[in-house]
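Okay, so here's the structure we're looking at.
The values are calculated or read from the model by the stated rules, or taken from the named source; none is laboratory data. Source: prediction; values computed, not measured. Methodologically, a virtual Cβ is constructed for each residue, glycine included, from the backbone with ideal geometry; neighbour enumeration extends over all protein chains shown.
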Amino acid sequence: MFESLSNRLGGVFDKLRKRGALSEDDVSEAMREVRVALLEADVALPVVKDFVKKVKERAVGQEVIKSVTPGQMVVKIVNDVLVETLGADDEESQINLRAEAPVPILMVGLQGSGKTTTSGKLALRLRTRERKKVMVASLDVYRPAAQKQLEVVAGQAEVDSLPIVMGEMPVAIAKRAMSEGRKGGYDVVILDTAGRLHIDQELMDEVAQVRDAVKPAETLLVTDAMIGQDAVNLAREFNEKIGISGIVLTRVDGDARGGAALSMRAVTGKPIKLLGMGEKLDQLEGFHADRIASRILGMGDVVSLVEKAAESIEAEEAEKMAAKLMEGKFDMNDMLSQLRQIQKMGDIKGILGMMPGIGKMQKQIENANIDDKMIKHQEAIILSMTAKERANPALMKASRKKRVAAGSGTTVQEINKLLKQHQQMADVMKKMKKMGGKKGLMGAMS
Ligand code: GDP
């Protein structure tokens, strides 16, 4: 799957990866090609626009981590945005089985979308992977062969199917399935509804009645990936009319373009939960945005390279800070680099929290009251101070404060607050030194 998109994107990055430095023009040029590639993959236009915008914003002005090339950096950014666009974290993509047993799962979709096959696949998956006792029931009373077809599929999946009662109507079948499920101690009941060639009111009404009768834990729309944007529009319509909880894309094995997969989340707001990868019953896969992104880009190696490089830089900086702490020295320059660290890697409470014996000082650190909004202002203040003032903040008397306030576009109060905060932090550092926990401290930081 995704072959054509994968090939096109590969070409774009091949060009980039050879370059030493990356200009805004390079990024724009690459993004023009990414845009065409996505459009050719039949990704919805608003999704394409949003995608390109996000990548550009992050790529331009992005600090390139040493030991990786700018091109590799862009690959990583594109990967991250792909993952976001595909959406659905692993938690969201799980089939919800947390309701009271038997958990009803409603399968909906158009005729020929692969609904019956997918019902069997899901039954097999839940039986083997989750060790659930599963029953399936067909509510398709319009096509004579449909109920029989599900019975055959159930046999192949080695799960039970609700005995067929000729002439029974869908809501009645659903209710009977639930009560038989309860009596028989089943964990899950999968209800395969009737499909139609097109969405029509009658179909929607029927599905809504079944939904109200059984209150499904999942209402899964089964749709063919190969119909591209039609699948996305269908999902939107089903969601508006009856409310769905997730999407199963089928025939992904035959879908070289991938437009439906890429647009689905952004357009419908609903997660893809499963992918049908072939006609066989075991050809059903869970949906993992990161794995799909790396399949599309085919550059998992580059992505993990950049991730590792970023991690080692963070470790290096933490190491440097630890050394500073050991000396008990902490001037405004240290504070500046600390602030920048905080922006990059989380909060100082977390960093200090890793150190032994810090518990008692926790309150003091919390009083320092560090939050993200303030950091930009604080950075500006320190940057407006002279080298001397930074090394010796005690120099900061009224006139200097006024000058720095004007220079940084802040107020004297904010400067006072920063100085106080610095003093508190410096005090903590001194105490740390007194504790002399060299072994403990280095151990905690490494
Ligand atoms: P329904 O009318 O929605 O119940 O669709 P069916 O389950 O009868 O499936 C229609 C056809 O699609 C059958 O021939 C299935 O074998 C085939 N099919 C279903 N899912 C997949 C899939 O993921 N990949 C492929 N290649 N074929 C599939």
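Within segment 418-431, residues that are assigned by TED's automatic domain parsing to the domain that holds Ala380 have Cβ atoms under 8 Å from residues that are of a type in the set (Phe, Trp, Tyr) in these pairs: His422/Phe330; Met425/Phe330; Ala426/Phe330; Met429/Phe330, counting only partners at least 6 apart in sequence or on another chain.
Taking the condition within 15 Å of the ligand (Cβ to nearest atom), more than 21 Å from Leu5 (Cα to Cα) and surrounded by fewer than 24 Cβ atoms within 10 Å (Cβ to Cβ), does Lys241 pass? Criteria not met by Lys241.
With respect to Gly167, is the statement that it is of a type in the set (Gly, Ala, Ser) and in contact with a Gly (Cβ under 9 Å, 6 or more places away or on another chain) true? Let's see the steps before the verdict.
On the way: of a type in the set (Gly, Ala, Ser): yes; in contact with a Gly (Cβ under 9 Å, 6 or more places away or on another chain): no.
Judged against the criteria, Gly167 is not a match.
Scanning segment 71-86 turns up no residue that is part of a loop (DSSP other than H, G, I, E, B), in contact with a helix residue (DSSP H, G or I) (Cβ under 8 Å, 6 or more places away or on another chain) and either farther than 21 Å from Lys215 by Cα or in contact (Cβ under 8 Å) with a residue 40 or more places away in the chain (or both).
Just one of the listed residues (Leu249, Leu220) is among the aliphatic types (A, V, I, L, M), free of Cβ contacts under 8 Å to residues at least 40 places away in the same chain and touching a Gly at 6+ places or on another chain (Cβ under 8 Å), and it is Leu249.
Only a single criterion out of (1) surrounded by fewer than 17 Cβ atoms within 10 Å (Cβ to Cβ); (2) in contact (Cβ under 8 Å) with a residue 24 or more places away in the chain is not satisfied by Ala231, namely (1).
In summary, Asp42 fulfils each of the numbered conditions (1) free of Cβ contacts under 8 Å to residues at least 60 places away in the same chain; (2) acidic (Asp, Glu); (3) more than 16 Å from the ligand (Cβ to nearest atom) with the single exception of condition (1). Scanning segment 115-149 for residues that are surrounded by 22 or more Cβ atoms within 10 Å (Cβ to Cβ) and either within 8 Å of the ligand (Cβ to nearest atom) or in contact (Cβ under 8 Å) with a residue 60 or more places away in the chain (or both) yields Lys115, Thr116, Thr117, Thr118, Ser119, Gly120, Lys121, Leu122, Ala123, Leu126, Leu139.
Test Lys363 against the criterion of being at pLDDT 55 or above and on the phi < 0 side of the Ramachandran plot, and give yes or no. So Lys363 fails the test.
Against the definition (within 15 Å of the ligand (Cβ to nearest atom), assigned by TED's automatic domain parsing to the domain that holds Val152, on the phi < 0 side of the Ramachandran plot and part of a loop (DSSP other than H, G, I, E, B)), how does Asp253 come out, yes or no?
Details: within 15 Å of the ligand (Cβ to nearest atom): yes; assigned by TED's automatic domain parsing to the domain that holds Val152: yes; on the phi < 0 side of the Ramachandran plot: yes; part of a loop (DSSP other than H, G, I, E, B): no.
The answer is no for Asp253.
Applying the condition of being under 15 Å from Leu275 (Cα atoms) and part of a loop (DSSP other than H, G, I, E, B) to segment 90-114 and asking which residue is farthest from the ligand (Cβ to nearest atom) yields Gln94.
In segment 150-202, the qualifying residues are those that are in contact (Cβ under 8 Å) with a residue 60 or more places away in the chain and among the charged types (D, E, K, R), and the one that is surrounded by the most Cβ atoms within 10 Å (Cβ to Cβ) is Asp192.
Being farther than 15 Å from Asp90 by Cα, surrounded by 18 or more Cβ atoms within 10 Å (Cβ to Cβ) and either more than 14 Å from the ligand (Cβ to nearest atom) or in the same structural domain as Asp50 (by TED's automatic domain parsing) (or both) is the filter here; which residues of segment 259-297 pass it? Result: Gly259, Leu262, Ser263, Met264, Ala266, Val267, Thr268, Ser294, Ile296, Leu297.
For the condition more than 16 Å from the ligand (Cβ to nearest atom) and under 31 Å from the mean Cα position of the chain (by Cα), what is the one hit in Val188, Val165, Val207?
On the way: Val165 fails: under 31 Å from the mean Cα position of the chain (by Cα); Val207 fails: more than 16 Å from the ligand (Cβ to nearest atom).
None of the other options fit; the residue is Val188.
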